[in-house]
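Single-structure report; data block below.
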Amino acid sequence: MPSVYIKTYGCQMNVRDSEAVAAQLLARGYTLAPSEDQADIVLLNTCSVRDHAEQTALNKMRALAADFRRSGREVVLGFLGCMAQSRGEELLRQLPGVDLVIGTQKLHRTAEYLDDLLRGRRTRVVDTAPEPGSESAIREHLPAGDGSGPVTAYVSIMQGCNQHCTFCIVPQTRGPERSRSIRDIVTECRELAARGVKEITLLGQIVTSYGRRPGPDGRPGWLAPDEPWPVPEPESAPKRSPFVRLLEAVHEIEGIERIRFTAPHPKGYGEDLIEAYGRLPKLVESAHLPVQSGSNRILKLMRRGYTRERFLEIVSRLRAVQPGIGISTDIIVGFPGETEEDFQQTLELCREVEFDNVFLFKYSPRRNTPAATMPGALPEEVIEERHARALELINSIARRRYAAMVGRTVQILVEGPSKKNPHRMMGRTRCNKIVVFDGSPRHRGQLLDIRIVRAGNYTLYGDPAIVGFDSGAPVSASSPAGPEPAGVPAG
Ligand code: 5AD
């Protein structure tokens, strides 16, 4: 059977979509190639959020098409996802080697379209049409090859975004908000728990708006079509948003030890969600709060729907409920009209909040977004210079926060070998910090208390030599770990 290689650009939602496409292809008899050179089909799952992401995927496709042309290999080339959605047909004209363009609502048709191409029923396919119900199609997970499936899993709970921030292309690429039912999501999470998954990350473009939009027939967006409605509820039932109801439902699942979610919107951190951090022990002490700017003037131009003051209030409410909570954010520098004073307010906000992690972006104009035609576009050098200044501050704050973890004992969920050094194991704290330690593969999937002995760049190093911890030699003969390296230097 033909083999497929899928390369993913962009966010966790794209990673999840690629996985679901891969699972779908395996079920249809395709195999997964270990690299593009060994594949009969190469699919690029693309990102449109900044121009750089689009250019990277376009350059990659040009290089692939040229390589295959030179070597005379017949390879099917396709674009999936956000850029496929926003550029559609135009991609076939720009890149003559490309055979397939599948938008964000048609990913579940990938196998069908590849069959058509391979059997010669069609020579090219472009499908970017909206499809009702497609939000429920990102469901399948890859089978665990050797009985040791992943410890963590992504679960897509909704698609699309109705927020229409003026800089953002996502409403165009992902469409309006559509949610899966709580019942459907819980069934998927239960299946994952049965396979040994311990941590679930609930995914969507704006998860805090989960279930808020009514379904096509006016029923609540979080209810399956065959469930009774209206739902009988006692008068005294506390008012909770559909997203908090979903968290509660996933929280009930035996075997799931940790729940994360991304990406939320700050305005979605209502009292019910903040209170959930204190009430639901499986909901980890970690919150991503994309602030974008520290200036009220810019926040308004961005159409973010909150002020700097409201943002700071959310942070302090969260810290009141969970003092050790890890807080990360997204920031855009160089939005049209951003003055040095606006930028200073963003820096000041970073000093005030002391984020654990910041994803810092240079503003990139996106087609058909209001910001792209706003006055006051900044020269590249100004954006570069502000980006460098912000990065320096952000890194120095994060270094301090990571260093403050040294000497503390924290719980980690061991995910597998460290990426940089496969002889070491890697896990994540509840507040989402990576911890590397000298463990063995049998620690995979375990929740361990570990003492932090050293802090590096966005990485902590743990000491395995604590009471009750057996860093022992690998137990299985097939262990890839080999000899255990020497301990991490203390301090
Ligand atoms: N330019 C730069 N960054 C952007 N983001 C979204 N759109 C743009 C853009 N046009 C960033 C935001 C968002 C993150 C996923 O990407 O910070 O939160």
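General remarks:
- Per DSSP, loop trypsin sites (Lys or Arg not before Pro) in segment 340-400 with at most 14 further Cβ within 10 Å: 367
- Computed over segment 221-293, the range of Cα coordinates on each principal axis works out to 42, 32, 26 Å, biggest value leading.
- Extension reserve of the residue 307-residue 251 stretch, reckoned as 0.36 nm per residue once the Cα distance is removed: 17.0 nm
- Backbone phi angles across segment 439-450, fed through the Karplus curve with coefficients 6.51, -1.76 and 1.60 (θ = phi - 60°), yield HN-Hα couplings of x, 10, x, 6, 6, 3, x, 8, 8, 10, 8, 9 Hz in residue order; Gly and Pro are listed as x.
- Ranked 316, 179, criterion: other C-beta atoms within 10 Å, fewest first: 316, 179
- Relative packing of peptides 45-51, 162-168, 317-323 - highest average C-beta neighbours within 10 Å first: 45-51, 162-168, 317-323
- With R₀ fixed at 60 Å, the C-beta to C-beta distance from residue 63 to residue 237 puts the FRET efficiency at about 0.55.
- With 5 Å bins from 0: P(r) over segment 97-240, alpha-carbon pairs, percent: 2, 8, 14, 15, 16, 16, 13, 9, 3, 1, 1, 0, 0
- Highest mean first, the peptides 105-113, 65-73, 183-191 sorted by other C-beta atoms within 10 Å per residue fall in the order 105-113, 183-191, 65-73.
- Annotation: Cα Rg of the chain relative to the compact-globule expectation 2.2 N^0.38 Å equals 1.01.
- Table column - 3J(HN,Hα) (Hz), segment 380-393, Karplus curve with 6.51, -1.76, 1.60, x for Gly and Pro: 3, 5, 5, 4, 4, 5, 5, 4, 5, 5, 5, 4, 4, 5
- Residue-wise HN-Hα coupling along segment 129-144, computed from phi with Karplus coefficients 6.51, -1.76, 1.60 (Hz; x: Gly, Pro): 6, x, 9, x, x, 5, 5, 8, 8, 8, 9, 7, 10, 5, x, 6
- Full extension of the segment from residue 400 to residue 227, taken as 0.36 nm per residue of separation minus the current Cα-Cα distance, would add 57.2 nm.
- Rg(Cα) / (2.2 N^0.38 Å) computed for segment 371-461, rounded to two decimals: 1.51
- Estimated 222 nm signal from helices in the chain, with DSSP H stretches of n ≥ 4 weighted -39500 (n - 2.57), rounded to 500: -9500 deg cm²/dmol
- In loop segments of segment 247-292 as defined by DSSP, there are no trypsin sites (Lys or Arg not before Pro) with at most 14 further C-beta atoms inside 10 Å of their C-beta.
- Bins of 10 Å from zero: percent of alpha-carbon pairs in segment 332-379: 24, 46, 26, 4
- Taking only alpha carbon atoms, segment 1-76 gives an Rg to Rh ratio of 0.99, where Rh is the Kirkwood radius.
- Cα→Cβ-extended label distance, 7 Å offset, between residue 272 and residue 52, nm: 3.8
- Coordinate range along principal axes, alpha carbons of segment 36-75, Å, largest first: 33, 15, 11
- Viscosity 0.890 mPa s, 25 °C: Kirkwood-radius Stokes-Einstein D of segment 4-160 over Cα pairs, µm²/s: 155
- Sites residue 354 and residue 280, calculated FRET efficiency, Cβ-Cβ separation with R0 22 Å, nearest 0.05: 0.30
- Kirkwood hydrodynamic radius (C-alpha pairs) into Stokes-Einstein, segment 241-353, 20 °C and 1.002 mPa s, D in µm²/s: 142
- Contour excess over end-to-end distance, with Cα ends at residue 373 and residue 118 and 0.36 nm allotted per residue: 87.5 nm
Bear in mind these aren't lab numbers, they're just calculated from the coordinates by the rules spelled out. Since we're looking at a predicted model, the values are computed, not measured. Reconstructed Cβ throughout: ideal geometry from the backbone, glycine too, with neighbour counts over all protein chains shown.
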